[in-house]
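I have placed the structure first, in the form of structure tokens, so that the comments after it can refer back to it.
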Amino acid sequence: MASAFGKFTGNTIGEAAAFAAGIAIAPLLEPVVQELRNTTWAQAPDRPLDPNTAAEAVAEGLLKPGAAASEAAMSGIASTPFGTLVELARTAPGVAEARTLIRRKQISADQLHHAYAKAKIEPQYWGPLDALLDEPLPPAVAALAAVRGLIDPEGTLPVNPPTEAGKIPPFPVYPISGKAAAAAVGLSEDAYGVMVGINGRPMSLHEAASAYFRGIIELSDFYRAVSEGDTRNEWRDAVLEQAREITTAHDAVENHLRGYTDETTMLERTARHGMSPEDTTILFQNAGRPLVAHQITTGLARGAKFNPEPNELKDPYQAAVQESNVKPSYYDLWIANRYTYPSLFQLNALVKAGAITPDTAKDWATKEGLAPEVVDALFKFWQGEAGAGAGAGGVKSKTYTYSQIHQAWRNNVFTDAQALSELEAIGYPAAKAQTLLATWKQSAANTPTGG
């Protein structure tokens, strides 16, 4: 040990002291030494590039491979190992980028494997990595596709989608295994079956309740529709009762209006719809209709009485028009229609018989709603009728109807001649009057009672 130390430091105490002094003074001499070093290299700049740096320069295109190899040779690196340094200096796309590139058909399989190699992945893993290039169908999508019949459900559904084609062409069934897609991401077949179940939906709860009430499904089927939907099971009985068909509030009011139920029952039935008694009263008042003006007139004329409800107007016409759907601006017009007037046929007969004057007939025809030009024409006609039928004293003689003439002849009030005369008076030609008289005589029922 001592000899080794002596070889390094010298064999005398003096030499050891000198060495120690040199170490101590070295930091002080460093600037001087550096200056000497700089001057030496400046006078002889022959130091070559580091081989690794030269290799990186080739990889980055800064040096030609031959020039860089010459630089490396000055450091004792031959061309073959320098070529290895160059390949080490070169980089490739990352594994993820390279996989995207090959999916887009931008690189070859060899280039992909080169990217694996640059990422320092052992060749034994390249094949399994290549198998991952084709992404499997997401299990959730596969489950929905199984429900819709786009892929084979593989026994995951209680009832498979139809396979027969109807008038609408079906979508093709794709040769994809949902179970395999699930297995590719580490899901078991049971887990995949659960995904199929939650993707399919039952019929809506109100439809299911309606199907239960119609006897199409059973109560357990309805309960399963609740479980397979998004409603928690504690709500199922409330949903069932809410979906039960009941009479409408309007039906309850109409039933009371027609006298089948009393007011209490009506209020109980409307309350099932959340309607208050006050709102039910409004519905009842709006649903009940009054009589029209003419019906009120005939009813009063026949001795009937109007019995107003509380808070109802006492005048039947005013109450009826107010409770109808007529706007207030039309009230007076509505009430004015409470009376009717004789028909045109009746007016003609009255004027011809002298019961009313042409002026009265004109007034009544106007009130009946005949067009003004029609009334004017009728008025002229009636004036002629009244003048033609008046006697010397200005009074029109009595005119009988066909039935009156016939009855009077049968009762021997009119002779054959009188009957013919009266028939001609009401407009029958003489020949037709003779024919009618002959017809009366041919019928035993028409023979005059006097023989």
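For the stretch 187-276, applying the loop criterion from DSSP together with a ceiling of 15 other beta carbons within 10 Å to the trypsin sites (Lys or Arg not before Pro) yields 214, 232, 244, 258, 272. Normalised Debye scattering of the stretch 101-233 at q = 0.13, 0.15, 0.19 Å⁻¹ gives log10 I(q)/I(0) of -0.75, -0.88, -1.10, counting only Cα atoms as equal scatterers and leaving out solvent. Stokes-Einstein diffusion for the stretch 185-278 at 20 °C, viscosity 1.002 mPa s, with a Kirkwood radius from C-alpha pairs, works out to 132 µm²/s. Taken over the Cα atoms of the stretch 179-222, the convex hull encloses 73 Å³ per residue. Under 26 Å of direct C-alpha separation, and excluding same-chain neighbours fewer than eight residues apart, residue 118 reaches these lysines: 64, 105. The largest-to-smallest principal axis extents of the Cα set in the chain are 191, 59, 56 Å.
When its C-alpha radius of gyration is set against 2.2 N^0.38 Å (N residues), the stretch 293-336 gives a value of 1.15. If we count chymotrypsin sites (Phe, Trp or Tyr not before Pro) as exposed when they sit in a DSSP loop and have at most 10 other beta carbons within 10 Å, what is the longest stretch of the chain that avoids them all? The segment 1-259 is the longest one with no such site. Mind checking which of 211, 260, 62 is farthest towards the positive end of the chain's charge dipole, using Cβ charges of +1 (Lys, Arg) and -1 (Asp, Glu) about the Cα centre? Selected residue: 260. All C-alpha to C-alpha distances of the stretch 309-371, sorted into 5 Å bins beginning at zero, yield P(r) values of 3, 16, 20, 14, 12, 11, 11, 9, 4, 1, 0 percent in whole numbers.
Taken together, the values in this text are just the output of simple stated rules run on the coordinates, not laboratory data. Predicted model only: the values in this text are computed from it and were never measured. Positions of Cβ are backbone-derived with ideal geometry, glycine not excepted, and every protein chain shown enters the neighbour counts.
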